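So the structure is just underneath, and the comments pick up after that.
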Amino acid sequence: MKCRIAGALALALTLSGQTAPGPAPERPRTPPSGYEDVYAGKKRLLVIADLSTGNQSAHMAVSHAVSVIEQIGRTSGAYVTFIRTDTDWVTKQATWGKGDYAQGGSKQARGKNLDYFDAVLFYTNGETEMTPQQKQDLLDFIAKDGKGFIGLHTAAATAYAWPEYGDMLGGVFDNHPWMIANAKIIVERPESPMMQRLRTGMVLRDEHYQMRMSPAYSRDKVDVLARIDTSSVDLKAPMVHRTDGDFPIAWIKDYGRGRVFYTGLGHTDAAWDDPRVRTMTLEAIKWAINGGETVRPHPLPAGK
């Protein structure tokens, strides 16, 4: 009976030139008072502190590192930090939680994705659990969207099986021949705001990294800000593989329309308590987000 009535109604409306009413359009949902996006209009940094596929015990400073990064961003007003210990938000796709918060549940449960951020920072290790689509989304976020990427310490010991990542970052970890040790530095770009508290001859204690030779690390692609003074380390240590004396501690580079910064510093808690490292990191994040400093690749200075 109900079907006949509905059919008759539809026929009557058709004959009269009218159409049957459809479902009411869904009203856009406005967050209730107090739940608005308090970060609207601010620069936003996504920090990925995910060691789940890498060394589980060697990089304990990651917790202190990300707390410092969050603190210096808020104190300076330069950016706000979102810290994740997974790579779920490294995507251009919609993100959801699990259980009651999975897709199909409350629309308020929807998470963020790369479109919400101005830069991404990796303190990661191992191959990660990113899908091929996530990997492409990250590269596009930098190269096509013109956004920023910051890699810290083990970011160079990440995704060995993904060569495009090493090309984007500018280098791939080989090893740390001197373990945690003191090393003097040579500042190659003293005019850079990132180097404002660092001077040639200063000593930094850290787990100083050595990069693989080619193809990822090349001074044709990266602008080295500072490097290790080789007179202050043992070049005959068993794990020293480079023969060119080129051991950078920080660089910047272009990647498509985007900006990339990397430093091998940051293994220890003490490194993140060092005002020199904090200033370098703050200025690097500001540059990755806003740009301003021109990348100028240059050869290893004569005389090393």
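For the range 190-235, a residue qualifies if it is buried (at least 20 other Cβ atoms within 10 Å of the Cβ) and either hydroxyl-bearing (Ser, Thr, Tyr) or without any contact (Cβ under 8 Å) to a residue 24 or more places away in the chain (or both), and the qualifying residues are Ser192, Tyr209, Tyr217.
Residues in the range 62-82 that are assigned to a helix (DSSP H, G or I), among the β-branched types (Val, Ile, Thr) and either under 17 Å from the mean Cα position of the chain (by Cα) or surrounded by 14 or more Cβ atoms within 10 Å (Cβ to Cβ) (or both): Val62, Val66, Val68, Ile69, Ile72.
Every residue, every condition in (1) more than 18 Å from Leu152 (Cα to Cα); (2) β-branched (Val, Ile, Thr); (3) touching a Leu at 6+ places or on another chain (Cβ under 8 Å); (4) modelled with pLDDT under 95, yes or no:
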| site | (1), (2), (3), (4) |
| --- | --- |
| Gly201 | yes, no, no, no |
| Glu207 | no, no, no, no |
| Met211 | no, no, no, no |
| Pro215 | yes, no, no, yes |
| Arg219 | yes, no, yes, no |
| Val222 | no, yes, no, no |
| Ile228 | no, yes, no, no |
| Ser232 | yes, no, no, no |
| Leu235 | yes, no, no, no |
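Selection of the range 251-265 for residues being more than 15 Å from the chain's Cα centre (by Cα) and under 19 Å from Thr158 (Cβ atoms) yields only Leu265.
For the range 270-304, the set of residues classified as modelled with pLDDT under 95 and under 16 Å from Met194 (Cβ atoms) consists of Gly292, Glu293, listed by residue number.
Hey, could you check the range 36-49 for residues that are without any contact (Cβ under 8 Å) to a residue 40 or more places away in the chain and on the phi < 0 side of the Ramachandran plot and say which is surrounded by the fewest Cβ atoms within 10 Å (Cβ to Cβ)? Here the answer is Ala40.
Of the residues contained in the range 137-149, one or more are found to be under 14 Å from the mean Cα position of the chain (by Cα) and in a strand (DSSP E or B). For the range 117-135, the candidate set comprises residues that are of a type in the set (S, T, N, Q) and touching a Lys or Arg at 6+ places or on another chain (Cβ under 9 Å); within that set, the residue that is surrounded by the most Cβ atoms within 10 Å (Cβ to Cβ) is Thr128.
Consider the range 21-42 and keep the residues that are among the hydroxyl-bearing types (Ser, Thr, Tyr) and farther than 23 Å from Ser76 by Cα. The one that is modelled with the highest pLDDT is Ser33.
Filter the range 225-250 down to residues that are of a type in the set (A, V, I, L, M) and under 28 Å from Thr279 (Cβ atoms) and give me whichever is nearest to the chain's Cα centre (by Cα). Looking at residues that are of a type in the set (A, V, I, L, M) and under 28 Å from Thr279 (Cβ atoms), I get Ala250. Checking Ser63, Ser76 one by one, the residue that is more than 23 Å from Lys147 (Cβ to Cβ) and either at pLDDT 95 or above or out of contact with any helix residue (DSSP H, G or I) (no Cβ under 6 Å at 6 or more places or on another chain) (or both) is Ser63 and no other. Filtered by the rule that a residue be farther than 24 Å from Pro163 by Cβ, touching a strand residue (DSSP E or B) at 6+ places or on another chain (Cβ under 6 Å) and not in a loop (DSSP other than H, G, I, E, B), the range 228-254 gives Ile228, Ser232.
Quick check on Arg296: is it surrounded by fewer than 22 Cβ atoms within 10 Å (Cβ to Cβ) and farther than 22 Å from Met179 by Cα? When the stated conditions are applied, Arg296 passes them.
The values are calculated or read from the model by the stated rules, or taken from the named source; none is laboratory data. This structure is a prediction, so every number in the text was calculated from the model and none was measured. All Cβ positions, glycine included, derive from the backbone under ideal geometry; neighbour counts span all protein chains shown.
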